[in-house]
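The values are calculated or read from the model by the stated rules, or taken from the named source; none is laboratory data. Since the structure is predicted, the reported quantities are computational estimates derived from the model, not experimental observations. Positions of Cβ are backbone-derived with ideal geometry, glycine not excepted, and every protein chain shown enters the neighbour counts. Just so you know, the surface numbers come from the protein's heavy atoms only, side chains and all, with ligands and any DNA or RNA stripped out. Shrake-Rupley method; radii C 1.70, N 1.55, O 1.52, S 1.80 Å.
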Amino acid sequence: MIDATRTTTALLDGLFDRANHAAWAEFEARYRPILFNFAKRLGLSDVDAADAAQETLAHFAKGYAEGRYDRGRGRLRQWLIGIAKREIAKARQSSVRHAASRGESAIVEEPDDATLENAWDVERREFLLREALDELRTTSRADDKTLEAFELTTLRGMGAQEVAQTLGISAHDVYLAKSRCLQKVKEIVQRLTAAYEGE
């Protein structure tokens, strides 16, 4: 789980110290999953997306250590998107070369900046939701049936009556579980989102 106790600005301050392993681990925990799914959303395979995420983080670390990131010239997300875009383009060009060697179409259209920003936003929101659900499961004092009722109704789209029968509880309890857990998830997402301020 990501550390929601410090904002992106505070985290970046911690990254100035190359020996601050906690800050670097936190940065990686925050951004590797987003970069991986961002690359997949833009058409890369799992293997290529993992490579692109790794290369993006490596280029970020090198550039950051060299002082190339200037907060006054742009947001962190724009810099990360720019690095990721280059790494994704390299992976796609490699795929195109392989496709062309097999006689397949070699035409690949590169996404525009608005598409990239939108893809980043979607992946960040989905990552934060997954983190919130994980936190709910691991830290909630709710019993297992309450959590299961919430997940079945909210995540799997099952009806309250069906969930009630499946779990052996009343439909009223299903609605209560859904309401309470949904409120808690919203609170967690809000707190996690605040950690990305300054991005």
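One table, with the values for the structure above:
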read-out: Note, ³J(HN,Hα) from phi for the stretch 48-65, Karplus 6.51, -1.76, 1.60, rounded to Hz, x at Gly and Pro; value: 5, 5, 5, 5, 5, 5, 4, 5, 4, 5, 5, 5, 4, 4, 5, x, 5, 5
read-out: Rounded to the nearest 20 debye, dipole of the stretch 20-93 from Cβ charges on Lys, Arg, Asp, Glu; value: 380 debye
read-out: Cα-Cα separations in the stretch 142-182 greater than 10 Å, expressed as whole percent; value: 62 percent
read-out: For the chain: lysine pairs under 23 Å (alpha-carbon distance), excluding those fewer than 8 apart on one chain; value: 8
read-out: Carbon + sulfur, % of accessible area of the stretch 11-164 - ligands and nucleic acids excluded, 1.4 Å; value: 49 percent
read-out: Only Lys, Arg (+1) and Asp, Glu (-1) charged, at Cβ; the chain dipole about Cα centre in debye; value: 180 debye
read-out: Probe 1.4 Å - accessible area at HIS59, Å² to nearest ten; value: 80 Å²
read-out: Per residue value of the accessible surface for the chain (all protein chains in place, 1.4 Å probe), Å²; value: 57 Å²
read-out: Along each principal axis, Cα extent of the chain, largest first, Å; value: 58, 49, 27
read-out: J(HN,Hα) series, the stretch 167-184, from Karplus relation 6.51 cos²θ - 1.76 cosθ + 1.60, nearest Hz, glycine and proline x; value: 9, x, 10, 7, 4, 4, 5, 5, 4, 5, 4, 4, 5, 5, 5, 4, 4, 5
